[in-house]
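Visitor: Input: one structure, supplied below.
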Amino acid sequence: MGKANRRDFLKRLAATGAALGLAPWSIESMLQASASTSASASPGLGASGKATMLSTWNHGIEANAAGFLALQQGGTAMDMVEAGARIVESDATGLSVGIGGLPDRDGHVTLDACCMDHTGNAGSVCFVQGLPHPLSLARKVMEDTPHVMLAGAGAEQYGQELGMTRRDLLTETSRRAWEEWRKTSNYEPVINIENHDTIGILALDDSGRLSGGCTTSGLAYKMHGRVGDSPILGAGLFVDPQVGGATATGLGEAVMKTVGSFLVVELMRNGETPQQACEEAVHRIMEGMPTDDLQVGYLALSHDGNFGGHAIHEGFNFARTTRQGGSMIDASHG
Ligand code: GLY
């Protein structure tokens, strides 16, 4: 991590800690966990324990660091997931999650998220505008309402009732990218392997509680109103606390048609390892539709801490952090 990035990372960690209401904490150990981008683990998280966190893509390493910070402050697996999501949602330089996420073809940033906790409880929000932390809102739906999913204006109204602050999610960078896209796009969303991704997070705490979350601005330049897999339980995320959890990244339409994350967990229930289950779910997509121009990747974590990741194409990576440290792992593909 370069000096400037390290400084930004510290600032975002501090904001996450404050947002979580955490007491001051030691960030050095978190930085050691987040500094490694090689396959080798870095030391620094101290105590023993089975806590494990998996998060999609490069931004996963700081998500995991924030998650372990929450754990260090006495948080549960669900707190780890929310802390990880919030730090990535707050990062205005990320073009696919929260603030700075690329807009739809009309220039509106619309966010989707869901979560599941160690009891199998679930919450979800979709088509949310103006609120930067949809995963926190999904958690509130899960914990404080009799419902599972709120959409659009209703979700935003609930967020405002909770005191969540509205803000413009379009940044100068994302606005410029959208304006550039409009010059050549013929006003149709482009679906390829580059312009969509998300953060999916799976966390196991030291007590063996398993939780997951998924948050995204969705497919760049999508039609207004389009909702992807990320807020759809069973598609973008599924957690069965007795078995394991899975999350998806990539083109949501392909994941939704195959109910991918539920499939991965069911395969694990039937005896497959997390790696085998991710591979089979990817192959299900590849057998069912042309995949030259679309990417999907799955991550899976079993209740006992085994993990796997697999994608259609090369390029999908994920962060894995344990108490021994953090590392980036290139997923297998094909
Ligand atoms: N996987 C994110 C989306 O397609 O919206």
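Visitor: From the list A248, A220, which residue is under 17 Å from the mean Cα position of the chain (by Cα), small (G, A, S) and modelled with pLDDT under 95?
Guide: On the way: A248 fails: modelled with pLDDT under 95.
Criteria check complete, one pass: A220.
Visitor: Hey, another quick one. Would you mention how many residues in segment 249-288 are out of contact with any strand residue (DSSP E or B) (no Cβ under 8 Å at 6 or more places or on another chain) and under 16 Å from F307 (Cβ atoms)?
Guide: Looking only at that region, the number is 3.
Visitor: Can you list residue pairs whose Cβ atoms sit under 6 Å apart, with the first residue in segment 226-245 being touching a residue at least 24 places away in the same chain (Cβ under 8 Å) and under 23 Å from D106 (Cα atoms) and the second being open to solvent by 10 Å² or more (accessible area, probe 1.4 Å) and among the aromatic types (F, W, Y)? Count only pairs 6 or more apart in sequence or on different chains.
Guide: Hits for this filter: V227/F127.
Visitor: Does segment 145-165 include one or more residues that are charged (D, E, K, R), surrounded by fewer than 17 Cβ atoms within 10 Å (Cβ to Cβ) and farther than 19 Å from F238 by Cα?
Guide: yes
Visitor: Something else: Residue by residue through segment 128-142, note down the ones that are outside any loop (DSSP other than H, G, I, E, B) and either under 26 Å from R176 (Cα atoms) or open to solvent by 20 Å² or more (accessible area, probe 1.4 Å) (or both).
Guide: V128, P134, R139, K140
Visitor: Here's another thing I want to ask about it. Which residues, counting only those in segment 89-127, are closer than 19 Å to A153 by Cβ, away from the ligand (no atom under 15 Å from the Cβ) and in a loop (DSSP other than H, G, I, E, B)?
Guide: D106, G107, listed by residue number.
Visitor: Let me ask you something else. Restricting to segment 247-288, what's the tally of residues that are part of a helix (DSSP H, G or I) and either within 16 Å of the ligand (Cβ to nearest atom) or aliphatic (A, V, I, L, M) (or both)?
Guide: The first filter runs over segment 247-288 and keeps only residues part of a helix (DSSP H, G or I), leaving 252-257, 260-269, 274-288.
Add one more test, that the residue is either within 16 Å of the ligand (Cβ to nearest atom) or aliphatic (A, V, I, L, M) (or both), and what stays is 252-257, 260-265, 267-268, 277-278, 281-282, 285-286.
Matching residues across segment 247-288 total 20.
Visitor: I'd like to verify a number: residues in segment 211-240 that are out of contact with any Lys or Arg (no Cβ under 8 Å at 6 or more places or on another chain), part of a strand (DSSP E or B) and open to solvent by 10 Å² or more (accessible area, probe 1.4 Å), how many?
Guide: The total comes to 2.
Visitor: Determine the pairs where a residue that is under 21 Å from W57 (Cβ atoms), located within segment 283-299, has a partner that is in a helix (DSSP H, G or I) with Cβ atoms under 6 Å apart, the partner being 6 or more residues away or on another chain.
Guide: Going by the 6 Å Cβ cut-off, the qualifying pairs are I285/A254; L294/A254; V296/A254; V296/V255; V296/I285; Y298/V264; Y298/C278; Y298/A281.
The values are calculated or read from the model by the stated rules, or taken from the named source; none is laboratory data. Here the structure is a predicted model, which means the values were calculated and not measured. Using ideal geometry, Cβ is built from the backbone for each residue, glycine included, and neighbour counts are taken over all protein chains shown. Note: accessible area is taken over every heavy atom of the protein model, side chains too, but ligands, DNA and RNA are not part of it. Shrake-Rupley method; radii C 1.70, N 1.55, O 1.52, S 1.80 Å.
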